[in-house]
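This report concerns only the one structure given below.
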Amino acid sequence: MSRVLARLLLPLLCGAILANPAVAAGPGNAPALVAGVFDPPRMAPELALTATDGTALQLAHYRGKVTVLAFGYSSCTEVCPVTLAVLARARKLLGTDGPGMQVVYVTVDPERDTVAHLKAWLNGFDPGFVGGTGTPQQLAAARASYGVAAKRNAMPNGDYSYSHSSFTLLIDRAGRLRALMPFGHQPEDYAHDVRILLHEPAAAGASPGA
């Protein structure tokens with residue numbers, strides 16, 4: 001998904017997305033993120049879903065880490081496995097910083113993505129990844145809060161697939177929505193941005209609730 005389209009999808013939540021890395025630099029001489037940044041940052045909307053460990057999935061559980069939030073489904077054959085493989089590689093590239101990167105992957109297909117099935121699928125990429133599922137209504141609310149689109153498509157054989165937004169969202173250690181990474185970026189780009197967010201001063205960006 002292009003950054004222009006993302007800007008149209010998230011106007012109320014996020015404000016402008018600055019896509020030019022030269023403009024997207026943080027306070028002072030802080031390094032620029034590769035991803036398009038949200039200016040100003042906002043607190044990331046909370047989730048009310050079930051995690052793949054059986055607990056309530058809430059972003060607040062991951063404060064102190066950089067959370068990469070994405071939406072997709074396990075039966076996806078193109079975008080989703082590529083995204084997860086990239087994120088798994090990025091986590092390895094971070095080395096000792098790897099545990100500070102938390103991937104949260106929310107399904108758009110609750111019919112097939114049960115807690116057990118989603119957990120097994122994500123474990124194939126990285127056992128540290130956490131999935132989220134819920135009722136169709138809960139998932140629709142989660143997507144709406146992040147400007148994520150998902151459309152069920154019937155197939156001639158009676159099966160179905162989904163068309164869905166392919167961007168990921170970076171949430172900083174304080175729970176602020178900081179950047180949007182379009183599909184197609186390499187693991188090195190994620191590792192670069194996550195490392196910056198992990199090591200930036202606590203006061204960087206907007207204050208919580210801004």
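Here the stretch 102-202 is treated as a sphere whose radius is the Kirkwood value from Cα pairs; by Stokes-Einstein at 20 °C and 1.002 mPa s it diffuses with a coefficient of 139 µm²/s. Counting neighbouring Cβ atoms within 10 Å and putting the fewest first, the residues 105, 146 line up as 146, 105. So for the stretch 100-210, averaging the separation of alpha carbon pairs under 8 Å that are six or more residues apart and normalising by length, what relative contact order in percent results? Worked out over the stretch 100-210, it gives 17 percent.
What the pair-distance distribution of the stretch 121-168 shows, using all Cα-Cα distances binned every 5 Å from zero, is 5, 16, 17, 23, 21, 15, 3, 0 percent. The fewest-to-most ranking of 43, 101, 155 by surrounding Cβ atoms within 10 Å reads 155, 43, 101.
Each value in this text was obtained by applying a stated rule to the coordinates, not by laboratory testing. Fair warning: this is a prediction, and the values are worked out from it, not measured in the lab. All Cβ positions, even for glycine, are placed from backbone atoms using ideal geometry, and neighbour counts span all protein chains on display.
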